[in-house]
Number of protein chains: 2
Amino acid sequence: MAAALSAFIHEYKEVLEKELKELIEELQAPKVLKEAMDYSLQAGGKRIRPMLVFATLASFQKEPKIGLEAAAALEMIHTYSLIHDDLPSMDDDDLRRGQPTNHKVFGEAAAILAGDALLTYAFQVIARSNNYSSDQRVTLIEWLAKAAGPEGMVGGQMADIEGETKELTLEELEYIHKNKTGRLLAYSVMAGAMLSGADKHQLEHFRKYAFHIGLAFQIRDDILDIEGSEEKIGKRVGSDSANHKSTYPSLLTMAGAKAQLTEHADAARAALRQTNTDSALLFELIDLIVTREQ
Amino acid sequence: MAAALSAFIHEYKEVLEKELKELIEELQAPKVLKEAMDYSLQAGGKRIRPMLVFATLASFQKEPKIGLEAAAALEMIHTYSLIHDDLPSMDDDDLRRGQPTNHKVFGEAAAILAGDALLTYAFQVIARSNNYSSDQRVTLIEWLAKAAGPEGMVGGQMADIEGETKELTLEELEYIHKNKTGRLLAYSVMAGAMLSGADKHQLEHFRKYAFHIGLAFQIRDDILDIEGSEEKIGKRVGSDSANHKSTYPSLLTMAGAKAQLTEHADAARAALRQTNTDSALLFELIDLIVTREQ
């Protein structure tokens, strides 16, 4: 990873994780609920969505911390989705990033409620923020709910579950990924751009950038499930294939999937150049997504 | 029920249910997800929360339909909470209002996702509304998230689940009910009052009104679980006692619970008089809550 991006991620990961910790500590809520929320929020991960918020602000020469509450809300929603996805009735995963999943530690009921609480609290954190105008808050909330709800992430997860029992077409697979992971990644960039005062033209190019890195992210995920190292990923590899799950490599061959990955990375770079911003970090994030080992 | 309230409920129930139907129809989302969301939204119920929004607006001589989007969002959040509460890992209920519960019809994964989708969509509906100013939307969302999240409904449900395994004190029981059902009922009234332009003084009295009807509602629920008719309630009676669940009658005796019910109803009436509004419908709603058979 380039030194500038590495230092940036190191700095803002710490800022974000401190904020998340404080947001849970201040809650007047049952102890076990707070522990379950905190457990998954602090379970690490790449924090790619918050980094996209911060890096987009930086590309406009804005102070990245302006995006802190938006980024924290985003990470809470991403985290709730992982908790619910891991449940026995969904993907039934025991491990996440090398640690026992939420329901393995706190039980199923508490895990469902911790997810519900994180999702709800995310909107509260944005709505009450004094750092954004009411208009900005309303826009952040509308976009976030659309990206995370039935027309976005939840819709993608539903289609993913339905798709597990059949062979998917490439179109169906793209619908799932565009919604399940793509829309929240796109929101991250759009939130940063909106808070930076981007114009319509710039917002559109950022949207394209985010769309392509979203698909690149997912293709890389599928590739890692075959070629990756169990130790680095923190979960079993080969699980997609064992579950007869349709993936980019299974539909396009490994070479075809890698070619698509390169195409999306190139398209993301092209879109980024059109934004006329100083987006060095966002360019480096593309490389990070394309070459990541975990 | 008094004729005025009965006509009011009849009229606005229809308005609300039409709105809920349309809100689901317009979604670009997987068919089964929309069906699962719609199934529980259309499963009936008293729609007490939306009626509180509408009746509070009416008490200020405002057009009740001003509250339509706030009321729809509220009913979506109430409905999501019922879907998740009924899950096997929570209360494990097969019937709700005489119909099979969501997960019995659509399966557990779809039920969890339908709940997540309703919760998320509720915030989207308010955030995008052109009928409220940005300031009003931000206030509605902040209050709703606080009432529904870890410091409100979800916190109450967590405490309820933890409390199932032990005998509760009256204080613990009140914490559960204040949060599990009380806060969302209070929000209903507060949302209507805020949209009516209530001043701080009035908001405070409406908050007290809502607090007391919330507890009255729950005490009546506990009483109905013992004295009620299975046919009218649409679920088994005696389940609290069979589950050794602490209730108002079990902690206070049946006579004691009924005395508390009367006290809360009287306190609600006193608070309502202090609001200096024309609250005939809100007075009648107290009677409805205290005497309801389902």
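The values are calculated or read from the model by the stated rules, or taken from the named source; none is laboratory data. The shown structure was predicted, so the numbers you read here are calculated from the model rather than taken from an experiment. Note: ideal-geometry Cβ built from the backbone for every residue, glycine included; neighbour counts use all protein chains shown. Calculation scope for accessible area: heavy atoms of the full protein, side chains included, ligands and nucleic acids excluded. Shrake-Rupley method; radii C 1.70, N 1.55, O 1.52, S 1.80 Å.
Take the accessible area of chain A alone and of chain B alone, subtract that of the pair, and you get about 4000 Å² summed over both chains, using a 1.4 Å probe. Dipole magnitude for the protein assembly as shown: about 1260 debye, using +1 per Lys or Arg Cβ and -1 per Asp or Glu Cβ, origin at the Cα centre.
Distances between equivalent label points of B:Lys62 across the copies, with each point positioned 7 Å along Cα→Cβ, amount to 3.2 nm, shortest listed first. With only the Cα atoms considered, the protein assembly as shown has a convex hull volume of 137 Å³ per residue.
When the other protein chains are added to the chain by itself, burial of at least 20 square angstrom of heavy-atom accessible area (probe 1.4 Å, ligands and nucleic acids ignored) affects these residues of segment A:125-140: A:Ala127, A:Arg128, A:Ser134, A:Asp135, A:Val138. Relative to its Kirkwood radius, the Cα radius of gyration of segment B:143-285 gives an Rg/Rh of 1.00. Before I look further, what does the protein assembly as shown give for accessible area per residue, probe 1.4 Å, in whole square angstrom? I get 39 Å² per residue for this part. Measuring nothing but protein heavy atoms, the accessible surface of the protein assembly as shown at 1.4 Å probe radius is 48 percent carbon and sulfur.
Using Cα pairs under 8 angstrom and six or more residues apart, how large is the relative contact order of chain B, in percent? Contact order relative to length: 21 percent.
Pairwise Cα separations in chain B fall into 5 Å bins from 0 onward with the following percentages, short to long: 1, 5, 12, 16, 19, 19, 14, 9, 4, 1, 0. At an R0 of 51 angstrom, the distance between the Cβ atoms of B:Glu174 and A:Gln274 translates into a FRET efficiency of 0.30. Kirkwood's formula applied to the C-alpha pairs of segment A:116-200 gives a hydrodynamic radius of 14.1 angstrom. Loop-resident trypsin sites (Lys or Arg not before Pro) (DSSP state other than H, G, I, E or B) in segment A:142-184 with no more than 16 further Cβ atoms inside 10 Å of their Cβ: A:Lys166. Here chain A is assigned +1 on the Cβ of each Lys and Arg and -1 on the Cβ of each Asp and Glu. Its dipole about the Cα centre then comes out at about 660 debye.
When A:Asp199 is represented by a point 7 angstrom out along its Cα-to-C-beta vector, the spacings to that point in the other copies are 4.7 nm, nearest first. The separation of segment B:77-153 from segment A:114-153, counted between C-alpha centres, amounts to 15 Å. Each Lys or Arg adds one and each Asp or Glu subtracts one; over the other residues with Cβ under 11 Å from the Cβ of A:Ala159, this totals -2. In nanometres and ascending order, the distances from the B:Ala259 label point to those of the other copies are 8.3 (point 7 Å from Cα along Cα→Cβ). Taking every C-alpha pair closer than 8 Å and separated by at least 6 residues, the mean separation divided by the residue count of segment B:172-294 gives a relative contact order of 33 percent. Only Cα pairs under 8 Å and 6+ residues apart enter the sum, and on that basis the relative contact order of segment A:42-88 stands at 34 percent.
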